[in-house]
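Asker: Take a look at the following structure, please.
The values are calculated or read from the model by the stated rules, or taken from the named source; none is laboratory data. Just so you know, these numbers come straight off a predicted model, no measurement behind them. FYI the Cβ positions are ideal-geometry reconstructions off the backbone, even for glycines, and counts take in every protein chain you see.
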Amino acid sequence: MNKEAKAMKIGFIGLGNMGAPMAANLVAAGHSVAGFDTAAPAPEGVIMAASAVEAAHTAEVVITMLPNGTILKAVAAELIPAMTKGAVLLDCSTVDVASAREVAAMAEAAGLGALDAPVSGGVGGAAAGTLTFMVGGSDAAFAIARPLFDVMGQKAVHCGPSGNGQAAKICNNMILGVTMIATCEAFALADKLGLDRQAMFDVVSTSSGQSWSMNTYCPAPGVGPKSPADNGYKPGFAADLMLKDLRLSQAAAEGADADTPMGALAAELYARFVEDEDGRGRDFSAMLPRFEARGRS
Ligand code: NAD
């Protein structure tokens, strides 16, 4: 921990694939972390509590890293009345914008600070402490949580009031889902036109078709930097999680009356891939072998 940062008392609820390494990094930085999870074991250095309330009631910041908005709302309803006034409820899960805003309103009405701070960077970023946090909530709550973002991540962007962190996350991932599909279908077309994949990468990665999906996370094995394609499409970022985020973006678009035809089509394709084909448990870039095996009909 740097000299100015003080050790904080933290409650951490949800110690799964993401939460466990995030909590372990907080402990390694000198913070005191009490944890609770309905199933996962204790990460190194985290003292496990018998309930979420027990982990949270004396904490200055309570971090939640949970599967979805329904679970978040249930856990928050338990925690909020038990937390110390002035403490901050910091939700890092990816949930729908409406749930994030509801939880923040409940917390603020109880005299707590509230932040929605979903992350980008995946399990690797959580372990390395290099996550990016997209944060919604008040300046005061953001200032309290800042030293924790510095430990768990490399960047925290304050995106505005409550819910705006989730809004940024789902807009980003809608672009990611769409560009990954576009990159994969273009590779499959290039194959059929007799264009070598390396040549395709060399051109597109330095031309106007470039994107993170092509340049950093290339879906073609053996081409570009190392990515899940080079590891049999083992996630990485699972197609199931991409589907979750695309559905959140479509729910938000419906609520806000936003026209998102590409996002809607991406959600539909990932739904088919995960639910009817062989996409479940594979990386989201495994769309490439999917397109490769198909013709137009
Ligand atoms: P996970 O399923 O591994 O972890 C969730 C944990 O929450 C589990 O250990 C589960 O036992 C626990 N849990 C469920 N209900 C609970 C309750 N009522 N009380 C206490 N604990 C409870 O999921 P994950 O991969 O760690 O993802 C967590 C969140 O982060 C999700 O919202 C996900 O969308 C988001 N996210 C994940 C990734 C990724 O690459 N895995 C990347 C970015 C964001």
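Asker: So how many residues does the range 166-218 have that are among the charged types (D, E, K, R) and surrounded by 21 or more Cβ atoms within 10 Å (Cβ to Cβ)?
Answerer: 1
Asker: Hey, any hits in the range 237-250 for a residue that's closer than 24 Å to S120 by Cα and among the acidic types (D, E)?
Answerer: yes
Asker: Inside the range 32-55, can you point out the residues that are assigned to a loop (DSSP other than H, G, I, E, B) and closer than 23 Å to Q154 by Cβ?
Answerer: Hits for the range 32-55 are P43, E44, G45, V46.
Asker: Continuing with this model, one more query. Find all pairs meeting these conditions: Cβ atoms under 6 angstrom apart; at least six residues apart or on different chains; first residue within the range 114-126 and more than 14 Å from N17 (Cα to Cα); second residue in a loop (DSSP other than H, G, I, E, B) and within 11 Å of the ligand (Cβ to nearest atom).
Answerer: Note: pairs meeting the criteria are A117/C92; P118/T94.
Asker: Within the range 150-184, can you find the residues that are in contact with a Pro (Cβ under 9 Å, 6 or more places away or on another chain), closer than 24 Å to A23 by Cβ and of a type in the set (S, T, N, Q)?
Answerer: Passing the criteria: only Q166.
Asker: Identify the single condition in (1) assigned to a helix (DSSP H, G or I); (2) more than 11 Å from the ligand (Cβ to nearest atom); (3) of a type outside the set (G, A, S) that T84 does not satisfy, given that it satisfies every other one.
Answerer: (1)
Asker: For G236, only one of the following conditions fails: (1) part of a loop (DSSP other than H, G, I, E, B); (2) among the small types (G, A, S); (3) surrounded by fewer than 16 Cβ atoms within 10 Å (Cβ to Cβ). What is its number?
Answerer: Failed condition: (3).
Asker: What's the number of the only condition in (1) out of contact with any Leu (no Cβ under 7 Å at 6 or more places or on another chain); (2) in a helix (DSSP H, G or I) that G263 fails to meet?
Answerer: Result: G263 fails condition (1) only.
Asker: Among the numbered criteria (1) within 12 Å of the ligand (Cβ to nearest atom); (2) farther than 14 Å from I10 by Cα; (3) free of Cβ contacts under 8 Å to residues at least 60 places away in the same chain, which single criterion is violated by V75?
Answerer: (3) is the only condition that V75 fails.
Asker: Tell me, which residue of the range 32-47 that is away from the ligand (no atom under 11 Å from the Cβ) and among the hydrophobic types (A, V, I, L, M, F, W, C) is surrounded by the fewest Cβ atoms within 10 Å (Cβ to Cβ)? Spell out how you get there, then give the answer.
Answerer: Applying the first criterion (away from the ligand (no atom under 11 Å from the Cβ)) to the range 32-47 yields 32-34, 42, 44-47.
Still in the list and also among the hydrophobic types (A, V, I, L, M, F, W, C): 33-34, 42, 46-47.
On the way: V33: 26, A34: 21, A42: 16, V46: 24, I47: 11.
Only one residue tops the list, namely I47.
Asker: Pull out all pairs, ordered by first then second residue, where Cβ-Cβ is under 8 Å, the residues are six or more apart or on different chains, the first lies in the range 208-234 and is among the charged types (D, E, K, R), and the second is at pLDDT 95 or above and assigned to a helix (DSSP H, G or I).
Answerer: K234/P228
Asker: Of these, V95, V53, which one is within 19 Å of the chain's Cα centre (by Cα) and of a type outside the set (F, W, Y)?
Answerer: Of V95, V53, the one residue that is within 19 Å of the chain's Cα centre (by Cα) and of a type outside the set (F, W, Y) is V95.
Asker: Specify the residue that is nearest to the ligand (Cβ to nearest atom); the eligible residues are those in the range 16-31 that are assigned to a helix (DSSP H, G or I), small (G, A, S) and out of contact with any Pro (no Cβ under 7 Å at 6 or more places or on another chain).
Answerer: So, considering only residues that are assigned to a helix (DSSP H, G or I), small (G, A, S) and out of contact with any Pro (no Cβ under 7 Å at 6 or more places or on another chain), the one nearest to the ligand (Cβ to nearest atom) is G19.
Asker: Within the range 245-260, can you find the residues that are in contact (Cβ under 8 Å) with a residue 24 or more places away in the chain and either surrounded by 18 or more Cβ atoms within 10 Å (Cβ to Cβ) or part of a loop (DSSP other than H, G, I, E, B) (or both)?
Answerer: D245, L246, L248, S249, A252, T260
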